[in-house]
Amino acid sequence: MRFMSIEDIEPGQYLGKTVYSSNGTVLLSAGIQLTVYMINTLKRIGVTMLYIKDPNFEDIELEEVLSDSTKEIIFKDMSHTLEAVRSGKDWSTKKVSVSVEALLEDILNHRGVLLQLTDIRTTDNDDYLHAVNVCLLSSMIGLNMGLNYSQLKDLAIGALLHDIGKANPLPEGASENELDYHHTWRGFEVLKNKREFNLLIAHTALQHHESLNGSGLPRGLDSESIHLFPKIVAVANKYDNLIGGGGGNAERPLLPHEACEQLMASSEHELDHEVLVEFTRIISVYPNGTSVRLSTKETGVVVRQHRGLPGRPVIRVIRGSGDELDVKEIDLAVETTTFIEAVLA
């Protein structure tokens with residue numbers, strides 16, 4: 001499979017990875033042959049990148065941490081939860097806990113896999129996918145930092161529900177720009193009343209936009225006053241916003257390596273350095289299927305990852321066509337003088 005801009009995809013190519021809706025149902029299944037109508041529809045609903053089957057890269061595997069069944073469970077439960085909050089109805093903390101337990105089971109079974117956040121975003125599923133990605137990233141960072149299962153579960157619930165305040169309607173005449181009505185406060189108000197949850201879950205939602213230097217929202221806390229959990233969620237939240245196009249100042253969704261550079265630039269004054277170090281150990285900077293240009297001026301596709309060396313994957317370079325193909329693989333962990341010069345997206 002190859003990870004390609006939708007602008008470069010042509011009718012007749014085959015979809016390599018399933019596209020989901022916000023409630024976990026399938027919009028387009030992997031393996032379907034794309035038509036002009038399908039491609040135009042995907043563009044209309046905000047899809048910018050797709051995985052496409054390619055006979056030269058059939059062996060490329062996307063090592064998924066979460067199973068499709070776990071994603072479906074979480075998407076459905078998040079859809080029900082947020083709809084209940086919007087309409088002022090009660091919602092099930094038990095369902096959220098069960099979803100998080102399924103996610104943590106997948107994580108514990110795949111703790112050696114580098115994260116590649118490759119699920120296809122649409123305008124319909126973006127909020128739900130963001131919640132799942134932040135939860136997944138936060139949980140894997142927390143696991144790397146030595147949190148026990150009980151702590152991991154509280155962190156994961158806080159991360160999954162970090163933006164629940166956005167679903168909590170503003171009082172009439174109030175504005176999100178007023179600090180007292182910021183979505184972090186509204187999320188805190190929703191979560192603090194759920195006695196089944198640790199109060200720390202509510203504080204994770206409240207503090208995830210705080211910054212170490214005191215410039216964050218809604219209370220301008222300094223580093224010593226911010227709990228570890230929201231420090232972790234802050235890193236995960238900013239990264240997923242950047243690659244999803246929700247980073248505020250970005251004109252386009254950033255590529256993973258660009259987003260990582262922005263995160264590292266925020267170290268110590270906005271984001272916690274120790275958390276960022278653990279983040280770099282779990283994320284794939286160049287996901288499998290990504291086309292790249294090397295410092296040797298050769299172009300190829302990322303085919304494998306190295307745990308602990310996220311910036312030094314294995315690149316497959318193919319020259320020629322038809323039966324006259326010259327194929328070689330360059331392992332950047334071995335070829336230490338060769339670098340990725342650009343991502344060809």
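The values are calculated or read from the model by the stated rules, or taken from the named source; none is laboratory data. Predicted model only: the values in this text are computed from it and were never measured. Quick reminder, even Gly has a Cβ in these numbers, built from the backbone with ideal geometry, and neighbours come from all protein chains shown. Side chains are part of the model used for accessible areas, which takes the heavy atoms of the whole protein and leaves out ligands, DNA and RNA. Shrake-Rupley method; radii C 1.70, N 1.55, O 1.52, S 1.80 Å.
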query = Under a 1.4 Å probe, what is the accessible area of region 204-340 per residue, stated in Å²?
reply = 45
note = Note: region 45-108, point scatterers on Cα, Debye, no solvent; log10 I/I(0) at q = 0.23, 0.25 Å⁻¹ equals -0.98, -1.03
key: Overall form of region 50-193 per C-alpha gyration tensor (a/c, 1.5; a/b vs b/c)   = prolate
query = What figure in square angstrom, to the nearest 10, would you give for the accessible area of T70 with a 1.4 Å probe?
reply = 10
request  = Please state, rounded to one decimal and in Å, the Kirkwood hydrodynamic radius that region 149-240 gives when every pair of distinct Cα atoms enters the mean of 1/r.
outcome  = 13.1
remark   = With a 1.4 angstrom probe the carbon and sulfur portion of accessible area for the chain, in percent, totals 47
inquiry  = Normalised by the empirical 2.2 N^0.38 Å for globular proteins, what value does the Cα Rg of region 232-312 take?
reply    = 1.16
note = In whole angstrom, the spacing between the Cα centers of region 140-177 and region 237-297 equals 21
query = With every protein chain present, what is the per residue accessible area of region 5-111 (1.4 Å probe, Å²)?
reply = 52
query = Hey, got a sec? Which trypsin sites (Lys or Arg not before Pro) in region 100-204 land in a DSSP loop and have at most 14 other Cβ atoms within 10 Å?
reply = R111, R195
key: Computed [θ] at 222 nm, helices only, for the chain once each DSSP H run of length n ≥ 4 contributes -39500 (n - 2.57)   = -12500 deg cm²/dmol
task = From the C-alpha gyration tensor of region 75-140, pull out the three semi-axes of the equivalent ellipsoid (sqrt of 5λ each), sorted largest to smallest, in whole Å.
result = 24, 16, 7
query = If you average 1/r over all unlike Cα pairs in region 167-296 and invert the result, what Kirkwood radius do you get in angstrom?
reply = 16.2
request  = Roll a 1.4 Å probe over the protein heavy atoms and report the accessible area of L228 in Å², nearest 10.
outcome  = 60
remark   = With 0.36 nm assigned to each residue of separation and the Cα-Cα distance removed, D326 to N193 gains 41.6 nm
ask   = Can you tell me the Rg and the Dmax, both Å, for the Cα atoms in region 1-123?
value = 16.6, 52
task = Over 29 Å between C-alpha atoms is what I'm after, so list which of K71/K194; K43/K328; K194/K231; K76/K153; K43/K89 land there.
result = K43/K328; K43/K89
